[in-house]
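The values are calculated or read from the model by the stated rules, or taken from the named source; none is laboratory data. Worth saying up front: this structure is predicted, and the values here are computed from it rather than measured. Counting neighbours? That spans all protein chains shown, and the Cβs are built from the backbone with ideal geometry, glycine included.
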Amino acid sequence: MIVYSFATEQKICEIGSVKVGGQPGELPTLLIGTVFYGRRYKELNEELLEKASKDIEAQRTISEETGNPSMLDVFIDSEEHVEERLSYVLDHTSSMEPFSIDVPEAEVRIEALDYLDGQGALDRVLYNSMNLGITEEEKEAIRSHPPKAAIVLGYNPRDLSTDGRMGILGHGSGMVEGGLIEMALECGIENLLLDTAATPFDHKAAETLRSIPAMKNRWGYPVGCSIHNTVESWLWLKKRRKENRELYNICDIGSNGLTIVLGADYMVYGPVSNAPFAFPFVGMVDKLVSEGAEEYFGVEPPEIHPRSRME
């Protein structure tokens, strides 16, 4: 089994009650499940909110059972949904539970930061994400309302190779002056999580995985991705999804294990409703990595780890 140990000092980030990063096997993998994503959540009703509540509690429960820390990823697709969705999550999490704000549009991310600052909740927010499309207004909003941590997305549309993904982070590849990491630090973000930017099959999907150890060895920040997006965009599997949901789920959940054996510290695993399947699977892979890390590199896991929780 492949187990890495990186020569570069590996940083550990703390976001609320969660720690993420370090050498492989040092900490259990952080799992982030998305809530309110999809067409069915365009308009929230009592039934959908009740389902979300049950899914959130199920993730919290299975996280405690396996030892893998958890986080909600709150999808917000428009300004009109900012207060509605964030207030719901604030009401359904403790003051120490971190959460990610997953917002495609810069204007909506700015609105979300302003709202969360007013609620005194920025100290447990993971900003998703700082990327190539960041605007000057967004950078100013981050400086004024700094979240505790941010995902920095290594997507380079001009070069999907590992070098290209690292280039957009490290020097900007002619598109971002100084690179996205430098820009994030200049905006006052103390805790950075690097995202290798999952791409579809036939668009250098393998580089999504290859970039994980490369980025960890280069910068030492926690690294991860949303590899399930690669699976979700797979046309062959999409055609069979309705007829064989179990097949789809196996491929979707199983893809997460590939990232861990290459050194990933966290992953956005998909809908939070998948937590009962994602956590035990990732916990199993964490156990294997931890055994190898201890045997070859002397890395001992903490007591709260699948090694002891899932005996």
* Structure fact -> When restricted to ALA206, ALA197, ALA214, the only residue at pLDDT 95 or above, small (Gly, Ala, Ser) and in a loop (DSSP other than H, G, I, E, B) is ALA197
* Asked: For LEU122, which of the numbered conditions (1) over 21 Å from PRO222 (Cα atoms); (2) under 18 Å from the mean Cα position of the chain (by Cα) fails to hold?
  -> (1)
* Asked: With respect to ALA112, is the statement that it is assigned to a helix (DSSP H, G or I), buried (at least 23 other Cβ atoms within 10 Å of the Cβ) and of a type in the set (A, V, I, L, M, F, W, C) true?
  -> yes
* Asked: Which residue pairs have Cβ atoms under 7 Å apart, sit 6 or more places apart or on different chains, and have a first residue in the stretch 16-32 that is small (Gly, Ala, Ser) and a second that is in a strand (DSSP E or B)?
  -> GLY21/ILE12; GLY21/CYS13; GLY22/ILE12
* **First in the stretch 55-83 and touching a residue at least 24 places away in the same chain (Cβ under 8 Å), second anywhere and acidic (Asp, Glu) and part of a helix (DSSP H, G or I), Cβ under 6 Å, 6 or more apart** => GLU79/GLU111; VAL82/GLU111
* So which residues in the stretch 275-291 are surrounded by fewer than 19 Cβ atoms within 10 Å (Cβ to Cβ) and over 11 Å from GLY257 (Cβ atoms)? -> PRO276, PHE277, PRO280, GLU291
* Asked: Which residues, counting only those in the stretch 196-227, are within 17 Å of the chain's Cα centre (by Cα), under 14 Å from LEU262 (Cα atoms) and of a type in the set (A, V, I, L, M)?
  -> LEU209, ILE212, MET215, VAL223, ILE227
* Any residue in the stretch 154-163 that is under 23 Å from GLU14 (Cα atoms) and touching a Ser or Thr at 6+ places or on another chain (Cβ under 9 Å)? -> yes
* To do: Answer yes if at least one residue in the stretch 49-62 is closer than 16 Å to TYR266 by Cβ and crowded, with 17+ Cβ neighbours inside 10 Å, and no otherwise.
  => yes
* Structure fact -> Residue set VAL282, VAL268; condition in a strand (DSSP E or B), of a type outside the set (D, E, K, R) and under 23 Å from PRO28 (Cβ atoms); output residue VAL268
* Identify all residues within the stretch 63-96 that are outside any helix (DSSP H, G or I), touching a helix residue (DSSP H, G or I) at 6+ places or on another chain (Cβ under 7 Å), surrounded by 15 or more Cβ atoms within 10 Å (Cβ to Cβ) and not hydrophobic (A, V, I, L, M, F, W, C); write none if there are none. => GLY67, ASN68, PRO69, SER70, HIS92
* To do: Within the stretch 131-150, track down each residue that is of a type in the set (Gly, Ala, Ser) and either surrounded by 17 or more Cβ atoms within 10 Å (Cβ to Cβ) or touching a Pro at 6+ places or on another chain (Cβ under 7 Å) (or both).
  => ALA141, ALA149, ALA150
* Structure fact -> Checked against (1) in contact (Cβ under 8 Å) with a residue 12 or more places away in the chain; (2) surrounded by 15 or more Cβ atoms within 10 Å (Cβ to Cβ); (3) farther than 16 Å from VAL223 by Cα, ILE168 satisfies every condition except (3)
* Quickly run through the stretch 20-36 and pick out the residues that are of a type in the set (A, V, I, L, M) and within 14 Å of TYR221 (Cβ to Cβ). => VAL20, LEU27, LEU30
